[in-house]
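The structure under discussion appears below in the form of C-alpha cells.
Rule-based calculations on the coordinates, nothing more; no lab input. Note that this is a predicted model, so its numbers are computed, not measured. FYI the Cβ positions are ideal-geometry reconstructions off the backbone, even for glycines, and counts take in every protein chain you see.
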Amino acid sequence: MTDPVEQFISAIRDSIDDQTFQKLTLGKFQNELASVQHVYVRIVDLKTGPHLSFVYRYPNQDVTKNSPIPEGINIITGWLGSTCRSATLLTSKGRQQLLFGRRGQPRLFTQDSPSIPGTSRAHDREKTRLLRDERALELLGVIDSEGRPRAQMGDKYRQVHHFIEALAPILKGASQGETLHIVDMGCGKGYLTFALHQFLRENGKNPVTTGVEKRDSLVESANAIAGQLGDNNIRFIQGEINDVEIKPIDILIALHACDTATDDAIYQGIQEECRWIVVSPCCQHELRPQLTAPAGFEPLFRHGIQVDRMTEIVTDALRCLYLEAWGYQTRIQEFVGTEHTAKNLLVVASRTRKPGPSEDLVERALEFQHRFGIQNQRLQTLLTAEISPQRHRGHGERI
Ligand SMILES: C[S@@+](CC[C@H](N)C(=O)[O-])C[C@H]1O[C@@H](n2cnc3c(N)ncnc32)[C@H](O)[C@@H]1O
C-alpha cells in the first residue's frame, strides 16, 4: 500500500484494534469547516459501546460530537485532503503525521513515541491502557494537545496514572453498570477527581462524582472544565471537609488534604459507611508535640528528623488501627516513587462489615496510642466521642 492517506487511515484502524490509539489531531481546515481551529478525536466508552469523540475547537468554544467508530472513521476519511490538510495520529507505539502540500499531494511522516522523562515506553503503554481518554488532563493543563506532559507537569501526570493503577484492583469489586458515588475531599484543581471519574466510566461503571474544595477559585475552574467536558455527573462544591454533608458516598478519596483534614475525611467516610476510603496523608503535624518514645525505643527518637518521620508513621498506623476497629481492612502502599514526592503513601481501606466500633480493636488502638504518649489523635477523638465517654481517656488510662 503506497497511498499515504490509505496508510494513515489504516494506521488509525490498527491502533483502535490493538488499543494503542491515544489521540488524533486534525487541523488546517478549509471550506465548510474553515472556522474550526482543530478537531481532537479520542475514544470514549458510551453506554452504547466505544465511540469516536470529536471535539471541534472554535476560537471561543469547543463542540463535542460522538460517532460510532466506523462512522467516525468515514468522517475522517472524507475530510483528509479536502476539508482538512493536516492530521497527527498519536499512539503508544509512535506518531504519524499526514500533511498535504500546496497542490494537495499527501506526505506521511512517522516518528517514535515521545516518552515521558523517567518512564519507559512499556510503562507509557500500561498507563494508556488504564486511562484512555485524557481530555480532562489536557483541559487541566497537565498534557498538551499531543498528549505530552507539559513542562513541570510530568510528576503530576505520573501521580495521576499511578493513583489509577493503585485503585484499579480494588475497584474490580464493583459491578458493571453500577452507580458509584465518589467524593474527593480537598480535591484542589481536580486532577485525581477527573481521572478517577473517567477511569470508572471507561470501565463500565456509572460514577457520580463530587469534589470538595475550600478554595472558591479552584471550584470554579474545575466546574468550568466539567462543563467543557459536557459531563453532568461530575461537580465541584466549595466547602470544608468537616462541614459538608454528602450522601451517599461509595468511594471517598482525600489526597494530600493537609494534617488532620485527612482524619476529617476518613471520619466522614466511616460515617457514610463508604465501601472504600483512600487517603494519601501529608503534613502529619498533629502528633508531633505529643509523641514520646516508648520505653526502650529512645534511640529512634533522638533527633528531630527521626521524630518527624516517626510522627508520620505513628499517625498513619493509628489511622489504620481506628479504621480496622470500625470495620475496615487496611493497606498502606506507595503509589509514586519517593524521587517524585515524599508524600507518596496511600492508605487504602475497604469495608468488611457494617462500620461500628469493635471493643477489642478500639482497646488495641488506644493502647498503642498511649504507648507513644498520645492523648488525642483527631480520628480517634471524632470516633470515640460517639461511644462511651470512658473510651475517651488520656495517656496511660485503661478502658
Ligand atoms: C495539597 S492540595 C491536594 C489537592 C488534590 N487532592 C491533589 O492531590 O491533587 C490540598 C487541597 O485540599 C484543600 N483543603 C485542605 N483542607 C481542606 C478542608 N478542610 N476543606 C476543604 N478543602 C481543604 C486545599 O485548599 C488544597 O486545594
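A few points about this structure:
- Positive-pole candidate from Val44, Ser15, Leu98, dipole of segment 4-116, charges at beta carbon: Leu98
- For the chain, built as a Gaussian network whose Cα springs stay under 10 Å, the top-fluctuating residue of Ala293, Ala325, Ala136: Ala293
- Sequence-distant residues sharing a close amide H with Ile234 (under 5 Å, placed H): Thr209
- Loop-located trypsin sites (Lys or Arg not before Pro) in segment 48-107 (DSSP state not H, G, I, E or B) with no more than 16 neighbouring Cβ atoms inside 10 Å: Arg102, Arg103.
- Qualifying lysines (Cα of each under 16 Å from Cα of Lys23; at least 8 residues distant if same chain): Lys65, Lys93, Lys127
- 3J(HN,Hα) couplings calculated from phi for segment 62-68 with the Karplus curve 6.51 cos²θ - 1.76 cosθ + 1.60 (θ = phi - 60°) are, in sequence order, 10, 10, 10, 10, 9, 9, x Hz; Gly and Pro show x.
- Distant-in-sequence amide H partners of Tyr328 (H built 1.01 Å from N, under 5 Å): Thr352
- For segment 4-116, the relative contact order is 26 percent, taking Cα pairs closer than 8 Å that sit 6 or more residues apart in sequence and dividing their mean separation by the residue count.
- Each Lys and Arg contributes +1 and each Asp and Glu -1, all at the Cβ; summed about the Cα centre of the chain, the dipole is approximately 1000 debye.
- Amide H contacts under 5 Å for Thr91: Gln22, Gln96, restricted to partners 5 or more places along the chain or on a different chain, H placed in the peptide plane at 1.01 Å from N.
- Cleavage-rule hits (GluC sites (Glu not before Pro)) in segment 204-287: DSSP loop, at most 11 neighbouring Cβ within 10 angstrom: Glu245
- Solvent-free Debye scattering, log10 I(q)/I(0), computed from the Cα coordinates of segment 4-116 at q = 0.13, 0.20 Å⁻¹: -0.47, -1.12
- For the chain, calculated [θ]222 nm from helices alone, where every DSSP H run of n ≥ 4 adds -39500 (n - 2.57): -11000 deg cm²/dmol
- Kyte-Doolittle at least -1.0, axis length at least 24 Å by Cα - qualifying DSSP helices, the chain: 154-171, 304-325
- Measuring nothing but how far apart in sequence close Cα pairs (under 8 Å, 6+ apart) lie, relative to its length, the chain scores a relative contact order of 10 percent.
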